[in-house]
Amino acid sequence: MNPNTGITQELLEFIERCLNKTATSEELQDFEYRLKNDPEFKTQVTEIKTLLFGIESQALKEKLDDFHKELTEEQDQKVVSIKFEHFRKIAVAAILVIALGSLWLFRGNANEKLYAKHFSPDPGLPTMMSETQNFEFYDAMVNYKQGEYQTALDKWQLLLQSKPQNDTLNYFIGVAKMANKQEKKAIEYLETVTLSETSVFKNEAYYYLGLAYLKTDNIELAKKNLTFSSVDNSKKILSELNN
Amino acid sequence: MLEMQTIKSKPYQSFEQNQVIDAIKINDTDTLKHLYTTNYYKIEILILKNNGTKEHAKDIYQDAFLVFWRNVKQDKFVPQNENSISGYLYTIAKHKWMDYLRSKNYKKTVVSSAILDIEVSETDFDKINDDKINDERLHSVMHAFKVLGMPCKSLLTKFYFEKKSMKDIAKELQLDAASTRNKKYRCMQKLRELALNLK
C-alpha cells in the first residue's frame, strides 16, 4: 500500500457506494470509466477492496472462534447427554427391577391367595384305638385332627427315625408341616412320598407338593407337581395359574 | 369429474439456495454458524485420521471456511446445495492439510509415509489458489484489524461486517450521521497506516 495514495473521505465513500451497489447509475458510469482509464484510481479501488475484505475476513475469523466454542459446548452437552443417557439406562433398569420385584410381590400375593383358597389339611385317617401296633401313630393323628400340628409332628418325627421311608409318615408329616405353615420344610417329606413306587398317598402328595411350591412361589414346580395329581383342585389351580 | 393436478417443478430449492448464498454474502451470523458447525466434524475426522490434532483440525478448518466464504462472496464458488458446500469445505481442508503435511516443518519430524491417501484434483488446487495475488496485502490488513483499537474495530465491524446502516450505528454511538461517517473514515485511515507499518 502506498502511503502517498491519498484517499479522501469523499473518495472512500464514493468507491464504497460503487462496490456495494448503492451508487447511482451516473456514479457507476463514472466509476467504470475511471477504473479503465485512471491507474491511480484503480490502485485506490484495489486498496479499498483489500481493506474492506480484510476487515470482514478478520471479523469473521474472530467470529469463527465463537462458533467453535459453541461446537465444543455442543460436544460437552453431548457428553452430558450421554452421561444422562447412561443414567437413564440405569434408571430404567432400576425401574424394571422395581417393577419386576413388585410383580413378583403381587404374583407372590396371588400365589398366596391361591394357596389359601385351596389348602386344607388332609382330614387324616380314622383312629382305631384297638390297634396297639400303631398306637403312637394314631395318637399323633388325634393331635393332628384337633389341629395340634406341632404335637403331632413331634410324635411322628420320632417314629420316622426308625422308618424314614414310610410313605404314610412322610405324607402326614408333610401335610402337618404345611398346616403348621412350614411349607418349605414340608416339601422334602412330600417329595419322598411322590418318589415312592407305590403309595396310596401319591396322588394327594403331588397335590400338596404342588401347593407347597405355590406357597413358596416356585410356579414351575407347582405346575409340574399339580399336573401329576388327579385331585380335582389340581386342575382348578392349574387353570388359575395359567391365566 | 376429477381434474388432473398439474405438478409444477418446485422453485423452492433454488430459491432457498439463493437465500443461503445471499445470507453468506451479507455475513448472516446464523447461516455462517450453521454452516460452520455442521461441517466441522467431517474435517476433524479427516485430520485426526491423518496424524493431526484437534488444534490442527480447528486451524485448518477455519482457514478453509474463510476461503469458502471469500469465494462465495466473490462468486468464485456458487454452491448448488448444502452438500456442495460441505464437499467444497472438505476439499479445501484436505488440500490445506496435505500442504501442511508436505511442508518442511512437518517433514522434519514425521516420516513421509505418514502422508496418506489424501488426493486433491488439480482443478480444485487452481480454484483454491485463485486469489493468492492479494493474499499478502489481505493478511496485513487482517492483522492490522486484529490489533486495531477497540472503538475503531467495533465501529468498522458494525459497518462492514454486520452491514448495519450508518443511521443505526450513529444512534448506537449517540452521534449524528456526519460525525459517525467521519469517525469511520478516520478509523479506516488508522487501519491503513497500521497495515502498512505491519507489512
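The values are calculated or read from the model by the stated rules, or taken from the named source; none is laboratory data. What you are looking at is a predicted structure, and each value in this text was computed from that prediction instead of being measured. Note that each Cβ is placed from the backbone with ideal geometry, even for glycine, and that neighbours are counted across all protein chains shown.
What the table below lists for this structure:
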quantity	calculated
Qualifying residue in the range B:136-143 (condition: more than 9 Å from chain A (Cβ to nearest Cβ), surrounded by fewer than 16 Cβ atoms within 10 Å (Cβ to Cβ) and within 14 Å of residue A:51 (Cα to Cα))	yes
Segments classed as helices (runs of 4 or more DSSP H), wholly inside the range B:10-92, with at least 2 members that are in contact (Cβ under 8 Å) with a residue 12 or more places away in the chain and of a type in the set (Ser, Thr, Tyr)	B:29-49
Residue under evaluation residue B:100, criteria (1) at pLDDT below 90; (2) not in a helix (DSSP H, G or I), criterion not met	(2)
Enumeration of residues in the range B:154-193 that are in contact (Cβ under 8 Å) with a residue 24 or more places away in the chain and in contact with a Phe, Trp or Tyr (Cβ under 8 Å, 6 or more places away or on another chain)	B:156, B:184, B:191
Enumerated helices (runs of 4 or more DSSP H) restricted to the range A:121-204, each holding at least 3 residues that are assigned by TED's automatic domain parsing to the domain that holds residue A:219 and within 46 Å of the chain's Cα centre (by Cα)	A:149-162, A:167-179, A:183-195
Residue B:114 being more than 20 Å from residue B:73 (Cβ to Cβ), at pLDDT below 90 and exposed (fewer than 13 other Cβ atoms within 10 Å of the Cβ)	yes
Residues of the range A:19-49 classified as free of Cβ contacts under 8 Å to residues at least 24 places away in the same chain and within 30 Å of residue B:33 (Cα to Cα), total	4
Residue that is surrounded by 18 or more Cβ atoms within 10 Å (Cβ to Cβ) and assigned to a loop (DSSP other than H, G, I, E, B), where the choices are A:59, A:23	A:23
Residue match in the range A:2-18 (condition: within 7 Å of chain B (Cβ to nearest Cβ), within 18 Å of residue B:194 (Cβ to Cβ) and outside any helix (DSSP H, G or I))	yes
Total residues in the range B:149-199, condition facing chain A (nearest Cβ under 9 Å), of a type in the set (A, V, I, L, M) and surrounded by 16 or more Cβ atoms within 10 Å (Cβ to Cβ)	4
Index of the failed condition, residue B:52 passing every other in (1) within 14 Å of chain A (Cβ to nearest Cβ); (2) crowded, with 16+ Cβ neighbours inside 10 Å	(1)
Unique match (being of a type in the set (Asp, Glu), modelled with pLDDT of 85 or more and closer than 17 Å to residue B:161 by Cα) among A:30, A:66	A:66
Tally, over the range A:156-194, of residues that are within 21 Å of residue A:232 (Cα to Cα) and without any contact (Cβ under 8 Å) to a residue 12 or more places away in the chain	0
